[in-house]
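J.: Below: one structure in structure tokens.
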Amino acid sequence: MIQSQLIELFEEYHGILTTQMTKEYGVADSTLRKAVARNDIQKYCRGIYFLDNFYFDDIYML
């Protein structure tokens, strides 16, 4: 399950987070890797993550 702090960050930033954002809030990189491994979150590309149920398209990501 995703840590509650991570869920709050995703909600605050509309479902998208970068590793830089999570570092500012004290979330470890290993926490993100574990969440990806459990399919709690998805990795879009290097350093960008989004919630599994989040809809996105490439134009939005720009």
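J.: Residue check, L17 against (1) assigned to a helix (DSSP H, G or I); (2) open to solvent by less than 30 Å² (accessible area, probe 1.4 Å); (3) of a type outside the set (V, I, T), all met but one. Which one?
T.: (1) is the only condition that L17 fails.
J.: Further question on the same structure: Contact list please: Cβ distance under 7 Å, first residue in the stretch 17-43 and free of Cβ contacts under 8 Å to residues at least 60 places away in the same chain and more than 17 Å from S4 (Cβ to Cβ), second residue in a strand (DSSP E or B) and of a type in the set (D, E), pairs at least six apart or on different chains.
T.: Close Cβ pairs (under 7 Å, with a partner that is in a strand (DSSP E or B) and of a type in the set (D, E)) do not exist here.
J.: For the stretch 30-56, name all the residues that are open to solvent by 60 Å² or more (accessible area, probe 1.4 Å), at pLDDT 90 or above and outside any strand (DSSP E or B).
T.: Matches in the stretch 30-56: R33, K34, A37, R38, R46.
J.: Only one of (1) modelled with pLDDT under 90; (2) in a helix (DSSP H, G or I) is not met by L9, so which one is it?
T.: Every condition holds for L9 apart from (1).
J.: Shifting gears a bit: How many of the residues making up the stretch 10-27 are of a type in the set (A, V, I, L, M, F, W, C) and under 11 Å from I48 (Cα atoms)?
T.: Total meeting the criteria: 3.
The values are calculated or read from the model by the stated rules, or taken from the named source; none is laboratory data. Note that the coordinates shown come from a computational prediction; the quantities given were computed from them, not determined experimentally. Cβ: placed from backbone, ideal geometry, glycine included. Neighbour counts: every protein chain shown. We work out accessible area using only protein heavy atoms, side chains counted, and drop any ligands, DNA or RNA first. Shrake-Rupley method; radii C 1.70, N 1.55, O 1.52, S 1.80 Å.
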